[in-house]
């Protein structure tokens with residue numbers, strides 16, 4: 001780490017953290033995977049801007065890796081949370097907010113007849129898988145290799161401490177590949193509990209892929225034919241593409257869906273939703289956690305959904321994401337730099353061609369960072385309702401300079 | 001459910017919930033396991049009191065099933081949380097609070113050289129087990145049958161949707177039973193990854209048992225002899241019995257410990273702490289979640305720990321718990337009702353003798369509930385720093401009447 005790029009407090013916090021936190025930081029927020037110069041520690045956020053601990057301001061295109069869907073510290077959400085905090089958050093049972101939120105979600109998400117709440121996306125995906133096994137009395141789970149469904153032994157992308165038995169009932173397919181899906185289902189035979197799919201392919205460091213409607217329909221028909229559950233992992237995409245479930249626009253409804261990230265604009269909450277077919281099974285599953293009925297995050301979710309719906313948040317994010325994408329595409333062409341943009345406009349990915357080691361991408365985002373725009377070289381990024389056309393144009397003025405640097409290197 | 005016992009809003013919320021929440025409610029906060037008359041939905045809390053949605057006030061001995069260790073809505077904790085919320089909670093990386101909290105915990109918890117954070121107790125126990133397997137390259141986990149370590153397939157007390165492979169590497173012992181511990185370790189052979197123990201035996205519906213120091217020492221020596229981890233599950237007991245780790249008073253230090261519940265007075269937070277031996281392994285484990293770096297709950301934890309330390313919270317809770325226990329014992333004797341109280345005074349259990357179906361216990365707590373005291377017939381209860389001698393005496397005036405009812409039934 002070059003000293004000039006890491007200013008005082010971030011540097012001293014890293015040194016302190018090395019003593020009391022394994023590796024100085026862990027998980028997806030560890031900056032080891034980012035170019036040198038990225039801050040590790042943050043002080044505050046507001047709208048689509050955030051500040052690191054050394055006071056540097058960034059126009060943010062990560063949105064806390066997804067949760068911040070309205071912008072940081074949205075006043076209506078924070079006010080709802082504050083009001084609930086003044087009554088109580090974690091009590092001896094749920095509050096009225098839980099019923100209100102479940103009703104709201106059932107009214108909004110097409111396939112949902114019921115909802116349950118937890119704290120992590122991994123809680124939600126694990127509950128879906130366990131529920132599918134309990135309901136069907138079967139064991140095999142068909143899922144895409146490389147897909148991220150959480151960070152516990154049955155699904156972690158880095159299988160440290162994982163035993164072979166943790167995944168003995170997993171059968172892997174290629175996302176969007178019907179032949180591999182059919183082969184996996186055949187392999188499962190009469191032991192198929194579920195087909196688990198992401199809303200779209202958003203594997204780390206790869207080009208994103210929207211779901212092929214034929215693949216989605218085949219997943220649905222195979223689940224039906226085998227009395228298995230179709231589980232949609234909407235943890236990352238949910239409420240950014242549509243408020244009705246990410247496969248709703250292609251007309252394919254899952255039996256169970258897993259939600260988290262954007263559901264409460266950064267307050268810790270996750271949800272499982274399901275249809276009538278799995279209601280009885282869901283009432284038999286023992287799924288619980290100390291803070292799962294916390295009323296504050298549910299009040300925040302209710303406010304988040306209200307704002308998203310009133311403002312047509314997904315459409316605004318799509319327009320802003322498209323404005324960014326169009327501008328970036330024009331700049332790349334003008335500078336003669338080959339890139340590929342992929343995924344939904346609300347969750348853009350920008351990868352450079354001929355960049356297997358991400359060297360170009362890393363330099364590009366670092367040049368943007370120096371100019372106050374926070375991008376990611378490998379992971380998909382996120383738009384929020386707080387991003388305006390002016391913010392996008394500001395970002396584009398910066399990416400234009402960053403492309404200029406890359407062009408000179410070629 | 002008799003209509004007279006469930007008032008208007010609680011009843012209507014149950015009816016609404018039945019439509020949109022599986023079974024109307026799920027997990028440990030579902031009142032199905034409690035006598036008819038217990039409220040399902042709560043409106044607010046303050047100190048050691050809470051109110052249900054119909055405005056009925058209770059002197060609370062469940063403390064949200066553990067998290068509320070200072071009393072509901074402690075002003076210093078809520079103020080720290082509010083201040084942090086005004087800066088930012090869920091950002092693109094951790095805040096300074098994470099380093100401060102890890103430093104604070106390492107300074108306080110005897111065995112801890114580092115800390116990592118998550119959201120659920122189950123996150124923490126799962127991380128410990130996975131970490132032990134990664135660090136040792138071995139697979140077997142020795143744990144007590146009937147012990148609660150979370151609600152996911154490897155450990156859930158209700159194995160719906162669980163496959164045999166989820167537990168193929170678990171070897172069960174009897175808590176405090178050295179012979180069964182030694183036999184399990186022998187059975188694991190050279191594949192022992194960890195011995196996982198609760199701070200004390202607090203199995204649902206059973207008499208509680210403090211750890212036998214000889215058992216604790218044997219667990220430590222067997223872990224050492226087999227190059228395995230000793231994991232202490234301090235999720236339920238941590239910060240109520242001592243601030244230094246629940247086995248610190250008996251002089252046995254674990255390698256890894258799991259924490260949650262009381263760590264932030266109700267704000268959603270969990271932690272894994274570990275010693276030098278496991279630091280490198282912990283830096284290799286991919287453990288992460290969308291909200292795990294949330295600064296608000298960490299600010300709340302820092303405030304919670306300050307208040308607990310300044311007020312000597314564990315000692316206050318012990319004194320209040322002992323006052324309750326002594327009073328209850330005297331009343332039971334006076335009324336000629338045979339009961340057994342067990343566990344640490346801060347986490348009391350009151351079970352009736354000759355009460356296999358919990359009928360006496362259920363009637364007893366219902367009589368207390370009607371008089372405004374919230375007790376539990378099967379699960380251990382919890383004291384908080386907010387309970388004063390006057391509150392305990394108020395509770396005792398109620399339990400005296402409740403014992404009178406039980407005495408007449410005999």
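Residue A:366 meets each of the listed conditions (1) free of Cβ contacts under 8 Å to residues at least 40 places away in the same chain; (2) out of contact with any strand residue (DSSP E or B) (no Cβ under 7 Å at 6 or more places or on another chain); (3) part of a helix (DSSP H, G or I) apart from (1).
crowded, with 16+ Cβ neighbours inside 10 Å and either outside the structural domain of residue B:111 (by TED's automatic domain parsing) or touching a residue at least 24 places away in the same chain (Cβ under 8 Å) (or both): does that describe residue B:167? Please lay out each step first, then the result.
Numbers: crowded, with 16+ Cβ neighbours inside 10 Å: yes; either outside the structural domain of residue B:111 (by TED's automatic domain parsing) or touching a residue at least 24 places away in the same chain (Cβ under 8 Å) (or both): no.
Considered against the rule, which asks whether it is crowded, with 16+ Cβ neighbours inside 10 Å and either outside the structural domain of residue B:111 (by TED's automatic domain parsing) or touching a residue at least 24 places away in the same chain (Cβ under 8 Å) (or both), residue B:167 comes out as no.
Put simply, of A:169, A:149 the only residue that is more than 9 Å from chain B (Cβ to nearest Cβ) and closer than 26 Å to residue A:289 by Cβ is A:149.
Conditions tested, residue by residue: (1) closer than 17 Å to residue B:233 by Cβ; (2) out of contact with any strand residue (DSSP E or B) (no Cβ under 6 Å at 6 or more places or on another chain); (3) within 14 Å of chain A (Cβ to nearest Cβ).
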| position | (1), (2), (3) |
| --- | --- |
| B:180 | no, no, no |
| B:186 | no, yes, no |
| B:192 | no, no, yes |
| B:195 | yes, no, no |
| B:200 | yes, yes, no |
| B:215 | yes, yes, no |
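Residues of the range A:369-395 that are at negative phi and either in a helix (DSSP H, G or I) or surrounded by fewer than 18 Cβ atoms within 10 Å (Cβ to Cβ) (or both): A:369, A:370, A:371, A:378, A:388, A:389, A:390, A:391, A:392, A:393, A:394, A:395.
State the number of residues belonging to the range B:279-302 that are part of a helix (DSSP H, G or I) and either buried (at least 24 other Cβ atoms within 10 Å of the Cβ) or facing another protein chain (nearest Cβ under 7 Å) (or both). Break it down into steps so the answer makes sense when it comes.
Residues of the range B:279-302 part of a helix (DSSP H, G or I): B:279-284, B:295-302.
Filter once more, so that each one left must be either buried (at least 24 other Cβ atoms within 10 Å of the Cβ) or facing another protein chain (nearest Cβ under 7 Å) (or both): B:279, B:282-284, B:295-301.
Of the residues in that region, 11 qualify.
Among strands (runs of 3 or more DSSP E) entirely within the range B:143-252, having at least 3 residues that are modelled with pLDDT of 95 or more and under 22 Å from residue B:111 (Cβ atoms) singles out B:192-198, B:229-233.
For the range B:47-59, the condition holds for at least one residue, the condition being that it is at the interface with chain A (Cβ under 8 Å from one of its Cβ atoms) and without any contact (Cβ under 8 Å) to a residue 60 or more places away in the chain.
Within the range A:253-266, the only residue that satisfies the criterion of being part of a loop (DSSP other than H, G, I, E, B) and within 11 Å of the chain's Cα centre (by Cα) is A:260.
Here are B:262, B:229: which of them is more than 9 Å from chain A (Cβ to nearest Cβ) and within 23 Å of residue B:381 (Cβ to Cβ)? Working first, answer last.
On the way: B:229 fails: within 23 Å of residue B:381 (Cβ to Cβ).
Exactly one residue qualifies, and that residue is B:262.
Can you work out which of the residues in the range B:70-127 that are without any contact (Cβ under 8 Å) to a residue 24 or more places away in the chain and not in a helix (DSSP H, G or I) is nearest to the other protein chains (Cβ to nearest Cβ)? Checked the range B:70-127; the qualifying residue nearest to the other protein chains (Cβ to nearest Cβ) is B:92.
Yes/no matrix, rows are residues, columns are (1) touching a helix residue (DSSP H, G or I) at 6+ places or on another chain (Cβ under 8 Å); (2) under 26 Å from residue B:165 (Cβ atoms); (3) assigned by TED's automatic domain parsing to the domain that holds residue A:343:
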residue: A:163; (1), (2), (3): yes, yes, no
residue: A:178; (1), (2), (3): yes, no, no
residue: A:183; (1), (2), (3): no, yes, no
residue: A:197; (1), (2), (3): yes, yes, no
residue: A:201; (1), (2), (3): no, no, no
residue: A:206; (1), (2), (3): no, no, no
residue: A:214; (1), (2), (3): yes, no, no
residue: A:224; (1), (2), (3): no, no, no
residue: A:229; (1), (2), (3): yes, yes, no
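For the range B:130-142, name all the residues that are at the interface with another protein chain (Cβ under 8 Å from one of its Cβ atoms) and in a helix (DSSP H, G or I). Correct list: B:130, B:131, B:132, B:133, B:134, B:135.
The values are calculated or read from the model by the stated rules, or taken from the named source; none is laboratory data. The structure displayed is predicted, hence computed values, not measured ones. For neighbour counting, all protein chains shown are included, and Cβ atoms are generated from backbone atoms with ideal geometry for every residue, glycine included.
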